[in-house]
């Protein structure tokens, strides 16, 4: 399967983000789409190309050709981050960089890395030596 363009998935993820926010406000539980939203936002902001679903070891390719594994987590304001866990990283996977994308409670579009009003986006990038 060929990668889908960001422009094609943007309206779908915008609707999914709204549904996830409403679901979380109603139940206090995440809907389970944080990873997809994080991958999309990272690709949009950093010019990454998302690869096909279930590509072993990585989620995107950087402009420099680096294979990037993206992990995303949502955090709610006022709740401690200590309980947050990042998914496992298989070191035998074929990637060069792991990126952590943190999304705030309302899962807004990240805007820019400086943070748009009402949103925040902090990234930690670790590159293999």
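The values are calculated or read from the model by the stated rules, or taken from the named source; none is laboratory data. Every value quoted in this text rests on a predicted model; they were computed, and no experiment measured them. Positions of Cβ are backbone-derived with ideal geometry, glycine not excepted, and every protein chain shown enters the neighbour counts.
Numbers at a glance
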{"item": "Residue in region 47-69 that is at pLDDT 90 or above, over 17 Å from residue 104 (Cα atoms), part of a helix (DSSP H, G or I) and out of contact with any strand residue (DSSP E or B) (no Cβ under 7 Å at 6 or more places or on another chain) present", "result": "no"}
{"item": "Conditions (1) touching a helix residue (DSSP H, G or I) at 6+ places or on another chain (Cβ under 6 Å); (2) closer than 20 Å to residue 59 by Cα; number of the one not met by residue 7", "result": "(1)"}
{"item": "Qualifying residues in region 23-59 (those that are over 19 Å from residue 8 (Cβ atoms) and in contact (Cβ under 8 Å) with a residue 40 or more places away in the chain) - the one surrounded by the fewest Cβ atoms within 10 Å (Cβ to Cβ)", "result": "30"}
{"item": "Selected residue (criterion: surrounded by the most Cβ atoms within 10 Å (Cβ to Cβ)) from residues of region 1-11 that are closer than 22 Å to residue 68 by Cβ and more than 15 Å from the chain's Cα centre (by Cα)", "result": "3"}
{"item": "Close pairs from region 3-16: first free of Cβ contacts under 8 Å to residues at least 40 places away in the same chain, partner surrounded by 15 or more Cβ atoms within 10 Å (Cβ to Cβ), Cβ under 7 Å, at least 6 apart", "result": "9/40; 13/36; 13/37; 13/40; 16/33"}
